[in-house]
Amino acid sequence: MSVARRTLLTATASGTLLAALWFVPSANATGERSAEDAQAAASGQSAAEAGDASGIRLADTGPGLDTTPYLIGGTALLGIGAGFVTYSVRRSGPRSAY
């Protein structure tokens, strides 16, 4: 395989990884605080009461959460990574012992 083709393959793999990471959701589960929340916090209401009044919804958690897509995706990525490691070890060939 020529050097130019190897560089193109590396650039394609990097671009594909960045494109896939574009779709990863952010970890900001609570949203922005509104002016009503700030006033409620200043007036002495608890955070729970202020959150209920403004309609802020937190991330879905608990036993009803379906984690199957995450398990399948994680297993697939782990397999791909192990394949890359195996390929690179085989490609490097036998090495002389010191």
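Values quoted throughout were computed directly from the atomic coordinates according to the rules given, and no laboratory measurement underlies them. A quick note: this is a predicted structure, and the numbers were derived from the prediction, not measured. Because the Cβ atoms are built from the backbone with ideal geometry, glycine has one as well, and the counts that use them run over all protein chains shown.
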query = Once the other residues with Cβ under 13 Å from the Cβ of Phe84 are scored (Lys, Arg +1; Asp, Glu -1), what is the net sum?
reply = +2
key: Full-extension gain in nm, Thr68 to Arg91, via 0.36 nm per residue minus C-alpha separation   = 4.8 nm
ask   = Tell me, what ³J(HN,Hα) does each residue in region 8-25 have, in order and in whole Hz, if you take phi through Karplus 6.51 cos²θ - 1.76 cosθ + 1.60 with θ = phi - 60° and put x for Gly and Pro?
value = 5, 5, 5, 5, 5, 5, 5, x, 5, 5, 5, 5, 5, 5, 4, 8, 6, x
